[in-house]
Amino acid sequence: MNLNLYGHDGQWLMVDCGVTFPKPGRLAADGTVHHQGEPPVQMADPAFIADRREQLAGLIITHAHEDHVGAVPYLWPLLQCPVYASRFTAEILRRKLAEFDLLHRVQIIVVETGDCRQIGPFNVQWLALTHSIPDPNALMIRTDIGNIFHSGDWKLDDHPLVGHGYSRKTFTDLAEEGVTAMVCDSTNATVAGHSVSEAALHEGLLSAVKAAEGRVIVACFGSNIARLHTLARIGRETGRYMGLLGRSLINMSGAARAAGLWDAADELINPSHLGYLPREEVLAVATGSQGEPRTALRRLAAGNHPDIELEAGDTVIFSARAIPGNEEAIEMLISKLRALGVAVVTAEDSIVPIHASGHPAQEELQAMYQWIQPNIAIPVHGEAEHMETHADIAKRWGVPRALVGRNGDLFMIRPVPGMRRQVAGTGRLGWKSGELVPVLPGIDHY
């Protein structure tokens, strides 16, 4: 989950407001203890900024993944600030807010890539990067004493299939301007090489579908509209009809249409019709690639999905990787599918790629540091191992200082002239540039 706060000149800017799925024993959003098999979500404690909401200039959502936008309906009543988002992200957010009867209350400001907006003392520019969802943006946050580059989730995909691409010059221009700190995605910092392009998946997925004799079910992340386009094309090439199984898939495809990001050639059939088609004409895309409870794939494996029933000889293709912590649930799901006589194809099984990560591997991180040349690197979005490795990469490519912290840590990026006061009751006075100050209760992330 992501919730970042930037403070300057007596005001705060929030970037992203997401959820995560808690492990058994952790507190869920409703304050109860999470038990195995239950789907509640966990989010950051907003107490610090909720107590100072008159100082909160705005909330920016960098993209529409749940770990960046999912907590907004829960926490906005405590924040009550304008929300800035790109067109696809805004469409997803509107649907979430409508479920909570908040749509009429929240001011959503739709921004375009390249836009600059003055939000309190922060001048923010939205920059084009690529990810596994439409309309992701990095941010250049400018103030009168220093600039922050906030990457959001990203990769360098030269052929993203859907939405905007990226330009190297965008980031080399930032270096000429000067970047005080770069706050950057660490998810794949331990992965060597360069991430796979979405455009490179067609061959592998086409081969897997062609090899199947019965029904084909593809499990993937519902937010990956580019993957859905690739599968729809494969459906046309193999004479199969494509339908979507799962609420999030249907919601995301509807949002893509509303935002003008859905290819008119990609026709979908009503999922209730899938069960009446000959097996060799079915291509269904299903939620549940992580083994989550109550998702379409879990119901298919249990034999209680209302629209379709799997049989021996059908094929399930996992066009997704396991998110750390979900391995056991996925293995249990695969075991149930195989017990039905269903053939299972995973990304690890395939010789050619059938899944592409949306996060930067080491070569992409190196390129970005060479382009932007920040004075300070602040790795975020990953486990401790990912962030430590990321910090080493930044130092190796010329960044003078890297700061790695934990949730709740606060970094002082630039000193405030003349400021000398006690820090969080520790007795320490004043700060210097790039110093990690003690944990402040209620602050989540950096």
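The values are calculated or read from the model by the stated rules, or taken from the named source; none is laboratory data. Please read all numbers here as calculations on a predicted model, not as lab measurements. Methodologically, a virtual Cβ is constructed for each residue, glycine included, from the backbone with ideal geometry; neighbour enumeration extends over all protein chains shown. When the accessible area is computed, the model is the full protein with side chains, heavy atoms only, and any ligands, DNA or RNA have been set aside. Shrake-Rupley method; radii C 1.70, N 1.55, O 1.52, S 1.80 Å.
Listed values, structure above:
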item: Label-point separation, Val352 to Glu280 (7 Å along Cα→Cβ), nm; result: 2.1
item: Lysine pairs with alpha-carbon atoms under 25 Å apart, the chain, spacing 8 or more or separate chains; result: 7
item: Expected 222 nm ellipticity per residue - DSSP helices of 4 or more, -39500 (n - 2.57), all of the chain, to 500; result: -8000 deg cm²/dmol
item: Residue-wise HN-Hα coupling along region 345-361, computed from phi with Karplus coefficients 6.51, -1.76, 1.60 (Hz; x: Gly, Pro); result: 10, 10, 4, 6, 6, 7, 6, 9, x, 10, 8, 10, 5, x, 10, x, 7
item: FRET efficiency for Asp173 and Asp101, using Cβ-Cβ distance with R0 set to 51 Å, rounded to 0.05; result: 0.70
item: Under 5 Å, built H, 5+ apart or other chain: amide partners of Ser289; result: Cys220
item: Residues with amide H under 5 Å from that of Ile413, placed H, sequence gap 5 or more; result: Gly434
item: Nearest-10 value in Å² for the accessible area of Tyr166, using the 1.4 Å probe; result: 60
item: Other-chain or far-sequence residues with amide H under 5 Å of Tyr241's (modelled H); result: Val282, Leu283
item: Surface share of carbon and sulfur [accessible, 1.4 angstrom probe, percent] for region 219-278; result: 52
item: Helix axis angle, 384-396 relative to the chain longest principal axis, alpha carbon, degrees; result: 60
item: The chain - accessible surface per residue (Å², probe 1.4 Å); result: 43
item: Area accessible to solvent at His159, 1.4 Å probe radius, in Å²; result: 110
item: J(HN,Hα) series, region 309-320, from Karplus relation 6.51 cos²θ - 1.76 cosθ + 1.60, nearest Hz, glycine and proline x; result: 10, 7, 10, 4, x, 6, 10, 10, 10, 8, 8, 6
item: Listed peptides 320-333, 390-403, 246-259 by packing density, highest first (mean Cβ within 10 Å); result: 246-259, 390-403, 320-333
item: Crossing angle, helix 168-177 versus the chain [Cα axis fit, 0-90 degrees, rounded to tens]; result: 10
item: Value of relative contact order over the chain, rounded to a whole percent, pairs C-alpha under 8 Å and six or more apart; result: 15
item: ³J(HN,Hα), Karplus 6.51/-1.76/1.60, whole Hz, each residue of region 51-67, x for Gly, Pro; result: 5, 10, 5, 5, 9, 8, 6, x, 10, 10, 9, 6, 6, 9, 6, 4, 6
